[in-house]
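Enquirer: My questions all concern the structure below.
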């Protein structure tokens, strides 16, 4: 504990400040150093580096990025060693309190208050898990209800077992991986409940985590009621119709002491909102241009606070690009903005990134579709003019789609928004 | 006997659905794999299913109470719970270094259990 009165303001002046030392922050910081930034510092509120990676003890990290399969802790270690070698400075147990448009950051740790002036800032705050209160599950309020990631941390980092008879709501990847982990630790996993007609996690996790251990997956189902005075006693599941409304008469009570929620992730952007960065209501992350610069000059965003990625590999590849852009900005190599067009999500598209373009040339797009499709054709329009038509083998909301497209000066100066659509043909 | 089945590849997140035809010990990959790794996976999944196994081991005097571990090679699917049982009986003394051998030849599989994280001594 720091005694009152002993807090002093520590002033720092750096090239790039990265907020968050998870996989995105690490990748961005490394890349910033590799691309000419002088002092690069990373602030994190935890006492360790790597964010969620140390609790993700399963393997599969690195396959897409470097062709080797690693566990989460190994993947984190590779990045941390590289960052240390490149002279990135880390601030542990450091909470950012406020962010200003002039790139001043007020942060606090045990040493005191810090006022950090940065030439550019990279936001890499990650995301949070949705809770019972984000989806409003009716019933009583017993103990024994956790988000899947919290349970994963308890089991894998702190050696705390969360329960004996467990039901998981939501078939996101974390939920599936935790189902297997609980089974390994001797729990009885009574089922995974998914409101959609398909699993929302990656198919390989459905195979590896559920099918391998005969854990039932209830599609088109939800939790209709939670029962328990002190500890959770049972949940009632029920089938849902196409409108996701409960079909009466299909209720089934499952006795359990633990309910884990794997309902999806919410990008963490309190700091972004505070500084006045425009937030995309669909992604929950900042609106960015092709350089991943937010609507506040010199503040860039990457990782899961920008958009929720499918895999750490794709997230890191993107974050490296962002770190490079932040470094260039810091050393004064800013890009000249020659126009402005918005990018809009048209038919079949849930969201598309970047949301705006202000320089001609090759742009790397990320998008998610609304519905699974067995055959899919991606199109890009400027007004009524079709600029790109691309056949995809399939499309699934669980798999982010990436594509490159060359935005011409003519398109940029037309002021017409670029519309991205996906159709069966 | 000819047996045809569809295997979901788990090598990477693309999760290709690979059709295979098994004739005794002979296996033919029909379609669906996007890369060569898929062929190897489909063959091993059909004839000798294995899984990468990860878990954690108790640590004495460490900054963390657990160290994450993995098998040095994929483990035969039918031996997973046997291996897990052995992993649970072990307690290692900190410090532990990433890559350190925790159990040699676990459950006579000729596979080692190795640490995937470093844990400092408290």
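Values in this text are rule-based calculations from the coordinates and carry no lab data. Note that this is a predicted model, so its numbers are computed, not measured. For neighbour counting, all protein chains shown are included, and Cβ atoms are generated from backbone atoms with ideal geometry for every residue, glycine included.
Enquirer: Would you mind telling me which numbered condition in (1) within 11 Å of chain A (Cβ to nearest Cβ); (2) closer than 28 Å to residue B:118 by Cβ; (3) crowded, with 18+ Cβ neighbours inside 10 Å residue B:75 fails?
Expert: Condition not satisfied by residue B:75: (1).
Enquirer: Restricting attention to segment A:348-362, does a residue exist that is free of Cβ contacts under 8 Å to residues at least 40 places away in the same chain, closer than 29 Å to residue A:299 by Cβ and either assigned to a loop (DSSP other than H, G, I, E, B) or touching a strand residue (DSSP E or B) at 6+ places or on another chain (Cβ under 9 Å) (or both)?
Expert: There is no residue in segment A:348-362 that is free of Cβ contacts under 8 Å to residues at least 40 places away in the same chain, closer than 29 Å to residue A:299 by Cβ and either assigned to a loop (DSSP other than H, G, I, E, B) or touching a strand residue (DSSP E or B) at 6+ places or on another chain (Cβ under 9 Å) (or both).
Enquirer: One residue is enough: does segment A:43-52 have a residue meeting the conditions touching a residue at least 12 places away in the same chain (Cβ under 8 Å), closer than 22 Å to residue B:65 by Cβ, surrounded by fewer than 22 Cβ atoms within 10 Å (Cβ to Cβ) and within 10 Å of chain B (Cβ to nearest Cβ)?
Expert: The answer is yes; a qualifying residue exists.
Enquirer: Same structure, new question: From the list B:66, B:98, which one is within 12 Å of another protein chain (Cβ to nearest Cβ) and crowded, with 19+ Cβ neighbours inside 10 Å?
Expert: B:66
Enquirer: Could we say that residue A:338 is out of contact with any strand residue (DSSP E or B) (no Cβ under 8 Å at 6 or more places or on another chain), farther than 19 Å from residue A:305 by Cβ and either surrounded by 18 or more Cβ atoms within 10 Å (Cβ to Cβ) or in contact (Cβ under 8 Å) with a residue 40 or more places away in the chain (or both) here?
Expert: Yes; evaluated as a whole, the condition is true for this residue.
Enquirer: For segment A:50-77, name all the residues that are within 17 Å of residue A:320 (Cβ to Cβ), part of a loop (DSSP other than H, G, I, E, B) and touching a helix residue (DSSP H, G or I) at 6+ places or on another chain (Cβ under 8 Å).
Expert: Listed by number, the residues that qualify are A:50, A:51, A:62.
Enquirer: Residue A:127 is checked against (1) surrounded by fewer than 22 Cβ atoms within 10 Å (Cβ to Cβ); (2) more than 14 Å from chain B (Cβ to nearest Cβ) and fails just one. What number does that condition carry?
Expert: (1)
Enquirer: Which of the residues spanning segment A:318-349 are within 17 Å of residue A:125 (Cα to Cα) and touching a helix residue (DSSP H, G or I) at 6+ places or on another chain (Cβ under 6 Å)?
Expert: Answer for segment A:318-349, where residues must be within 17 Å of residue A:125 (Cα to Cα) and touching a helix residue (DSSP H, G or I) at 6+ places or on another chain (Cβ under 6 Å): A:319, A:320, A:322, A:323, A:326.
Enquirer: Okay, moving on. I need the full set of residues from segment B:78-93 which are in contact with a strand residue (DSSP E or B) (Cβ under 8 Å, 6 or more places away or on another chain), more than 11 Å from every other protein chain (Cβ to nearest Cβ) and crowded, with 17+ Cβ neighbours inside 10 Å, in order please.
Expert: Residue satisfying the conditions is B:92 alone.
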